[in-house]
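The structure appears below as structure tokens.
The values are calculated or read from the model by the stated rules, or taken from the named source; none is laboratory data. If you're wondering where the values come from, they're calculated on a predicted model, not measured in any experiment. Here the Cβ positions follow ideal geometry from the backbone for every residue, glycine too, while neighbour counts run over all protein chains shown.
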2 protein chains.
Amino acid sequence: MHTSSFSPDSVQVLAFDIFGTVVDWHGSIAREVQDLYPHVDGDAFALAWRAGYKPAMQRVMSGELGWTLIDDLHRMILEGLLPQFGLAHLSEAERQHLNRVWHRLAAWPDSVAGLTRLKRKYTICSLSNGNIGLLTAMAKRAGLPWDCVLSAEVFRAYKPDPAVYLGVAKVFDLAPAQVMLVAAHHDDLEGARACGLRTAYIERPLEMGAAHPKDVSPQPGNDLHAADLNALADLLGC
Amino acid sequence: MHTSSFSPDSVQVLAFDIFGTVVDWHGSIAREVQDLYPHVDGDAFALAWRAGYKPAMQRVMSGELGWTLIDDLHRMILEGLLPQFGLAHLSEAERQHLNRVWHRLAAWPDSVAGLTRLKRKYTICSLSNGNIGLLTAMAKRAGLPWDCVLSAEVFRAYKPDPAVYLGVAKVFDLAPAQVMLVAAHHDDLEGARACGLRTAYIERPLEMGAAHPKDVSPQPGNDLHAADLNALADLLGC
């Protein structure tokens with residue numbers, strides 16, 4: 001569905017939010033935690049871990065913490081969660097392995113096929129607050145065919161800081177309107193739009209798990225609204 | 001040929017120098033210049049452009065110039081060359097197009113096959129002084145299957161600054177000895193070795209053009225010495 005006048009040929013780069021948009025963080029973490037520690041509520045664990053994410057980044061962006069990669073922020077949050085979920089006994093090696101679950105997130109079923117189609121016409125890159133090492137490991141494992149892995153780490157700022165959105169345009173020597181952010185989160189898309197980028201909303205109704213369906217009704221302002229990445233490829237004529 | 005005791009399993013990431021190692025800058029530029037401007041000596045033009053590269057980076061690293069991307073350094077050098085080669089009449093659009101020839105460099109004949117083999121066992125990334133936009137455009141056009149595009153731009157320092165070599169290890173949360181630099185230039189490999197990285201020398205005898213063959217005899221200190229990227233894949237058991 002087109003929600004504004006928009007020409008697919010005006011865009012050269014598609015930049016993708018990752019957690020929730022391209023990969024299923026909730027399902028991947030809930031499953032792995034449940035498998036490793038059957039007495040733990042995987043759904044609650046995944047939600048609690050993710051809930052610590054924005055406050056942790058905020059501590060970095062406010063200057064309370066120096067520049068800190070998401071791998072390290074995930075670990076800080078994890079340390080707080082383990083006692084709450086009866087996992088205070090985990091060894092250092094077990095904690096490291098569990099923290100790396102964010103490197104092992106599974107793609108949504110449409111992601112690889114959709115990205116492969118989109119890549120034929122556009123330069124496709126990640127644009128995630130996740131660090132480069134995390135995004136590279138994830139892409140290699142899940143088969144995400146990025147032309148380029150871009151991360152907040154490159155710009156040393158976390159979305160929705162304008163430096164991240166404008167940074168993509170600058171990397172590719174393009175005007176902001178030649179870059180489109182693809183994301184399942186309206187606040188991310190709003191940040192990009194404020195910088196002059198084009199925006200495409202992707203419905204991910206089960207991002208928070210089957211028990212917590214998300215409102216994915218269209219909101220005004222986005223250039224495109226698509227059910228998934230194959231539907232986005234349809235809209236963009238790929 | 002193994003030139004030191006070295007176990008392929010001790011390395012996780014292969015980081016590749018690009019200009020001359022993976023792509024043929026001399027041949028690509030000489031051919032394109034000759035096609036566009038038949039009266040110009042393409043061989044001399046390519047050599048002169050490349051000769052300005054290290055001094056330009058040195059001006060950045062010495063602080064004389066602020067941080068400047070290679071696209072912009074190439075353009076500065078080009079402006080000096082055009083009058084010397086009878087091309088002072090070029091329009092702004094023609095200059096921009098010519099400057100982008102660095103985005104259109106052709107891979108050496110073995111590069112795509114060799115990288116594809118190496119990627120099965122290792123994480124493969126670029127590690128070039130070229131900027132991210134340049135490296136991404138080049139990879140997309142030439143089919144270079146990087147897991148990740150790393151550039152001096154990420155570290156805001158040019159090789160052989162230790163920040164670049166150590167930066168790769170840090171991005172992947174590895175010890176320096178778990179990263180191998182693959183390059184056709186001994187000074188680059190020396191810089192990496194001084195930081196604790198493993199090193200593989202690739203022979204590119206015609207890097208400077210058929211008229212200027214390069215000495216590619218083995219030098220002590222490198223872990224591996226290979227004729228090309230397929231030979232490197234053989235040595236690494238890929």
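Just wondering, is there one or more residues in the stretch B:77-93 that are in contact (Cβ under 8 Å) with a residue 24 or more places away in the chain, touching a helix residue (DSSP H, G or I) at 6+ places or on another chain (Cβ under 9 Å), within 14 Å of chain A (Cβ to nearest Cβ) and assigned to a loop (DSSP other than H, G, I, E, B)?
no
Restricting to the stretch B:100-111, give me the number of residues that are touching a strand residue (DSSP E or B) at 6+ places or on another chain (Cβ under 9 Å) and not in a loop (DSSP other than H, G, I, E, B).
Summing the residues that are touching a strand residue (DSSP E or B) at 6+ places or on another chain (Cβ under 9 Å) and not in a loop (DSSP other than H, G, I, E, B) in the stretch B:100-111 gives 4.
In this structure, is B:Asp234 modelled with pLDDT of 95 or more, outside any loop (DSSP other than H, G, I, E, B) and of a type in the set (D, E, K, R)?
yes
On the basis of being among the hydrophobic types (A, V, I, L, M, F, W, C), more than 14 Å from the chain's Cα centre (by Cα) and within 21 Å of A:Tyr158 (Cα to Cα), does A:Trp102 make the cut? Before you say what the answer is, go through the steps one by one.
Values: among the hydrophobic types (A, V, I, L, M, F, W, C): yes; more than 14 Å from the chain's Cα centre (by Cα): no; within 21 Å of A:Tyr158 (Cα to Cα): yes.
For A:Trp102, the condition - among the hydrophobic types (A, V, I, L, M, F, W, C), more than 14 Å from the chain's Cα centre (by Cα) and within 21 Å of A:Tyr158 (Cα to Cα) - is not met.
Please indicate, with yes or no, whether at least one residue in the stretch A:195-216 is among the hydroxyl-bearing types (Ser, Thr, Tyr) and in contact with a Lys or Arg (Cβ under 6 Å, 6 or more places away or on another chain).
Looking through the stretch A:195-216, at least one residue is among the hydroxyl-bearing types (Ser, Thr, Tyr) and in contact with a Lys or Arg (Cβ under 6 Å, 6 or more places away or on another chain).
Yes or no: B:Val154 more than 20 Å from B:Leu232 (Cβ to Cβ), within 14 Å of another protein chain (Cβ to nearest Cβ) and in contact (Cβ under 8 Å) with a residue 12 or more places away in the chain? Walk me through it before giving the result.
Values: more than 20 Å from B:Leu232 (Cβ to Cβ): yes; within 14 Å of another protein chain (Cβ to nearest Cβ): yes; in contact (Cβ under 8 Å) with a residue 12 or more places away in the chain: yes.
Against the criterion (more than 20 Å from B:Leu232 (Cβ to Cβ), within 14 Å of another protein chain (Cβ to nearest Cβ) and in contact (Cβ under 8 Å) with a residue 12 or more places away in the chain), B:Val154 qualifies.
Would you mind finding the one in A:Gly133, A:Gly114 that is in contact (Cβ under 8 Å) with a residue 40 or more places away in the chain, part of a helix (DSSP H, G or I) and closer than 20 Å to A:Ile29 by Cβ?
Answer to the check: A:Gly133.
Can you tell which of A:Val101, A:Val164, A:Val112, A:Val149 is hydrophobic (A, V, I, L, M, F, W, C) and within 10 Å of another protein chain (Cβ to nearest Cβ)?
A:Val149
If B:Cys125 passes every condition in (1) under 17 Å from the mean Cα position of the chain (by Cα); (2) facing chain A (nearest Cβ under 9 Å); (3) assigned to a helix (DSSP H, G or I); (4) not small (Gly, Ala, Ser) but one, which one does it miss?
The failed condition is (3).
Restricting the stretch B:206-230 to residues that are among the hydrophobic types (A, V, I, L, M, F, W, C) and in contact (Cβ under 8 Å) with a residue 12 or more places away in the chain, which is nearest to B:Arg117 (Cα to Cα)?
B:Leu229
Condition test on A:Val112, is it modelled with pLDDT of 95 or more, among the β-branched types (Val, Ile, Thr), more than 20 Å from B:Lys170 (Cα to Cα) and within 21 Å of the chain's Cα centre (by Cα)?
Working: modelled with pLDDT of 95 or more: yes; among the β-branched types (Val, Ile, Thr): yes; more than 20 Å from B:Lys170 (Cα to Cα): yes; within 21 Å of the chain's Cα centre (by Cα): yes.
Spelling it out, A:Val112 is indeed modelled with pLDDT of 95 or more, among the β-branched types (Val, Ile, Thr), more than 20 Å from B:Lys170 (Cα to Cα) and within 21 Å of the chain's Cα centre (by Cα).
Is it the case that the stretch B:38-47 has a residue that's within 14 Å of chain A (Cβ to nearest Cβ) and surrounded by 21 or more Cβ atoms within 10 Å (Cβ to Cβ)?
Within the stretch B:38-47 (the criterion being within 14 Å of chain A (Cβ to nearest Cβ) and surrounded by 21 or more Cβ atoms within 10 Å (Cβ to Cβ)), the answer is no, since none of the residues qualifies.
Report the residue count in the stretch A:117-135 for those that are aromatic (Phe, Trp, Tyr) and surrounded by 24 or more Cβ atoms within 10 Å (Cβ to Cβ).
Going through the stretch A:117-135 one residue at a time, the tally reaches 0.
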